[in-house]
Structures are given as structure tokens and as C-alpha cells.
Amino acid sequence: MSEGVVSGAAYKAGELERERFTRLNFRHNFLIMLADSISFQLATSLMSQVTILPLFVREITDSTLAVGLITAIASLGTLLPAIFVAGYIEQKAIQKWYLFIVALIERFPILALSILTPLLGRSNPDLLLWVFFGAWTMHNLAMGLNMPSYFNLFSKVIPPNRRGITWGLGGTIGGLLAILGSSLSGVLLERYGFPDAFALIFFIAFVILFVGILGFPFTRELPSEDVTRHRSILEYLRRAPKLLLEDREFGLFVGAQAIYTLAFMASAFYTAYAIDRFGASPQQVALFTTILMGSNTVANLLYGTLADRRGNKIVLQVAMSSGVIAPLIAAMAPSIEWFYIVFALNGLMIVGSNMGSSNMPLEFAPPGQVPTYSSINMAITAPLRSLVPILGGVIAGYGYVIIFVIAMMAALLALLVTSMLVRDPRFTRSTKL
């Protein structure tokens, strides 16, 4: 066991033996998952799709459509492919090798960007733009193909009452390091400019991402006993709507998540509204960012502890409540100082939503069906998350307050559905480790 090798006899271990194995190896597996979480957050802060990647694209083109594609590709690429591979992943008794190999594939487009950016940045920037979007698409598609396997392995090796702190501690440490990562990107951009600074950013991000997954092959994982039979993709897709109807509470949970995507519309426009309405200075905008990152860092640890002790439903309820209050304050704010509260609440909303919506499907799922449940949730919310920023951009022409009202009502409706119709599966279903 010390080398992570599992004998054939262990395959027939009973539920109690599997629980014992998981708990005995929790610390080892926890550190592997934590390293991946921290490295991912640090790397993504270096090449932030909110700041750094839009700046990279704007160095090449003035097209706002090109800038908008960054987020759209990330949302669709990471969330939509999962539904097509979930059935295949459910057939695999061991997850770690698939996860590791696809994670390697996921990282190499970033390495390619680090090599090609200085070569094409000066000689053929138009071609570099195509290369960037090709690499960005491959990176996110590979991530999407890996999501069901990651959640399946995570649910196997991390006990339900330790998943919150695993996410939370990773988010807290990653958030603190992300501040350093953002600062490093700024220093590189100031010193080297385009294209060399971006080449360095991509290379450093690749190294961090690569190191973060080196622990996956050493994960101590028992083979799954409840491996499903082979299903065609068409059969699998036909099964998804039926599952949502048969598992009523999971269907209501996914429905609430779909409604809740509209609440994220407001997040993209708080800064723009503060500038237009109150003349926010660059220093005040920088303070908004600091408050948001600070809120994210604290929220990760608090939500992680709360999720382990009280379940993930209450985490979602707190996050959704923040999603109701933040746009309400923004719409009624008499001065810019109120936006400090708005950004603090926005951080609570984002972190709690990500943690709760990722963890709850793992507990809704019967043994062996974690990839199916997590993939259905991602596949339904992915297109909506991609369309919401575009919809917000259209509505913004009629006034930011309309966006805030829509976001507030969506968060309120999602909160009511979740609170009144969805029970926490941690306490209503038997969760096998």
C-alpha cells in the first residue's frame, strides 16, 4: 500500500474496508489534490483570462469579438465535452492514469504558445492570433475531457466530510499565491513588453501546471467495484434527460443552477458601472480587485469548513444570498464606497457557487455514476455561462441597473428552489467512498 499498489484481493473489499483504505490514505491523496489545486490557481493567475489574455489579444487586434472569444472558449471547452466522455470514464476501474495523460495533453498547448509567441509576435502577428486561439481551444477541450475523471477520482480518494477543506485550503493558498502571480505578470509586462513578456508568462505557467500534476500517478486509489457497461454516446445522451426526471432532486438542483447562471451577469459590469456612475479612479478599481481577491481567499477557507461540517447546500445558500444582496446594493448605491461591499459579496458568491455546485453532484451520484452526474450538471450550465456575458453586453445598452435587477431576481429564484425543494444529499443519501 505504501507505494500506491493495490492487490487484486483489495478489489473485492467491502464498503467498510474501502472506507478504511480511503481514510488511511487520505493525507497522502489530500496533498496530491492540494498540489494540483494550488498550481492551477497560481498558473491561471499568471495568464488570467480576465486581464492578461485579453491584453495579449488586444496587442494583436482591436476586435472586441476576439476578446470575448477567450471567455466563451474557456466556458464551452471546459464544461461541454464532459457529457461525451462520462460514459467511457465510468467504465474505467482506475482513474489516475487517464487523468494524468489527458492532463499532460492539456498543458502542452501552453508550452507551444511560449515557443511560438516570440517567433510570430514580430513577424506574423495575425498568424499568432490564430495559433493562440487554436492552442487555447485545445487546452480547454482537454480540460473538459478530464473533468469527469478528476471529479470521479476526487470523490473516490477524498471522504465527503473532507472535500470542503480540500477545496477551501487549496483556494486559500492558491489565492494568496495568485496575488504574487498577478504581480509577477505585471513586472514581466513592464520590463519586456509584447511579445517576450507573454512568452515568459506562458512558459512559467506551463512549468507550474506541469509540476502540479506529477503527483497523480502516485495517487492511492482502489479500483471501482461498480464499473458500468459500455454505452454508446448516443445512448448516453438519451439517458441524461431521463435521469434528470427520475432523480427529481438532482433535476431540481440542476434547474436551479441553470437559473443561477444569470446571476453571474452582474459580476462583469460592477466595475464599468462604478466608473460610469461615480467616476471610479484607477486606484479605486485596483482596490476593488484587492477586495475581491481578499474575499475569495477568506471565503475558500470558511466555505470549506462549513461544507465539511454542515454540507454543501448551506454553502450554496450563503453564496446565492450574496448573489441577491450584491446587485441590490449596486443598483441602489448612493456613493462609490458601497461598491467595496459589493465586491466583497461578489467574492463570497463566486467561491461558494463554485465549491457547492462542484461538490453536490458527487454526493447526489450513486456509486459508479459520479462522471454522469457531474457531466450533466456541467453540460447544461456551460452554454448558459457562455451566453450570459453576451446577453449582458446587449442589455448594458439599456442600462446597467437592468442587469443588476435580472441578476438579483435569478439569484433569489435559485435560492428559493434550492432551499425549499432540494435536500442536501450528504444527509439524505448513502454516500460510498
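Where a number appears in this text, it was derived from the coordinates with a stated rule and is not lab data. This is a predicted model, so every value here is computed, not measured. FYI the Cβ positions are ideal-geometry reconstructions off the backbone, even for glycines, and counts take in every protein chain you see.
With N the number of residues in the chain, Rg(Cα) / (2.2 N^0.38 Å) evaluates to 0.98.
Per-residue 3J(HN,Hα) values for the stretch 399-410, derived from phi via the Karplus relation 6.51 cos²θ - 1.76 cosθ + 1.60 with θ = phi - 60°, read x, 5, 4, 4, 4, 5, 5, 4, 4, 5, 5, 5 Hz in sequence order (x marks Gly and Pro). Derived scalar couplings between HN and Hα for the stretch 163-170 equal 6, x, 5, 5, 5, x, 5, x Hz in order, rounded to whole Hz, by the Karplus curve 6.51 cos²θ - 1.76 cosθ + 1.60 (θ = phi - 60°), x for Gly and Pro.
Ordered by packing density, taken as the mean number of other Cβ atoms within 10 Å over each peptide's residues, highest first, how do 290-300, 113-123 rank?
Details: 290-300: 20.5, 113-123: 17.6.
Ranked by mean Cβ neighbours within 10 Å, highest first: 290-300, 113-123.
If I take all pairs of Cα atoms in the stretch 126-224, what percentage of them are more than 21 Å from each other? Walk me through the intermediate numbers first.
On the way: 2581 of 4851 pairs.
Value for the stretch 126-224: 53 percent of Cα pairs lie more than 21 Å apart.
Keeping to pairs on different chains or 8 or more places apart, tell me how many lysine pairs in the chain have Cα atoms under 17 Å apart. Qualifying lysine pairs in the chain: 6. Applying both filters, DSSP loop and at most 12 other Cβ atoms within 10 Å, to the chymotrypsin sites (Phe, Trp or Tyr not before Pro) of the stretch 345-400 gives TYR398. Hey, what angle do you get for helix 96-123 against the long axis of the chain, alpha-carbon based, 0 to 90 degrees rounded to 10? Tilt relative to the chain: about 20 degrees. Against the main long axis of the alpha-carbon atoms of the chain, helix 370-396 sits at an angle near 10°. With +1 assigned to the C-beta of every Lys and Arg and -1 to the C-beta of every Asp and Glu, and no other charges, what is the dipole magnitude of the chain about the Cα centre in debye, to the nearest 20? Value, rounded to 20: 960 debye. For the stretch 231-428, the average shadow cast by the Cα convex hull is 11.8 nm², which is a quarter of the hull's surface. Extent of the stretch 14-68 along its three principal axes (Cα atoms, max minus min coordinate, largest first): 60, 19, 11 Å.
Which order do peptides 256-266, 385-395, 144-154 fall in by mean Cβ count within 10 Å, highest first? List each step's numbers first, then the result.
Numbers: 256-266: 23.0, 385-395: 16.7, 144-154: 24.8.
My ranking of the peptides, most packed first, is 144-154, 256-266, 385-395.
Please give the per residue volume of the convex hull enclosing the alpha carbon atoms of the stretch 114-176, rounded to a whole number of Å³.
Numbers: hull volume 7.0 nm³, N = 63.
So the per-residue Cα hull volume is 111 Å³.
Projected onto planes of every orientation and averaged, the convex hull of the alpha-carbon atoms in the stretch 19-219 covers 11.2 nm². Using a Gaussian network for the chain with springs between C-alpha atoms less than 10 Å apart, which of these wobbles most: GLU235, GLU19, GLU90? Among GLU235, GLU19, GLU90, the largest mean-square fluctuation in the Gaussian network model of the chain belongs to GLU235. Of LEU184, LEU306, LEU169, the residue with the greatest mean-square motion in the GNM of the chain, using alpha carbon springs below 10 Å, is LEU184. Axis angle, to the nearest 10 degrees, between helix 248-260 and the longest C-alpha principal axis of the chain: 10 degrees.
For the stretch 309-323, the Karplus equation 6.51 cos²θ - 1.76 cosθ + 1.60, evaluated at θ = phi - 60°, returns couplings of 8, 10, x, 8, 4, 5, 4, 5, 5, 5, 5, 5, 4, 4, x Hz by residue, with Gly and Pro reported as x.
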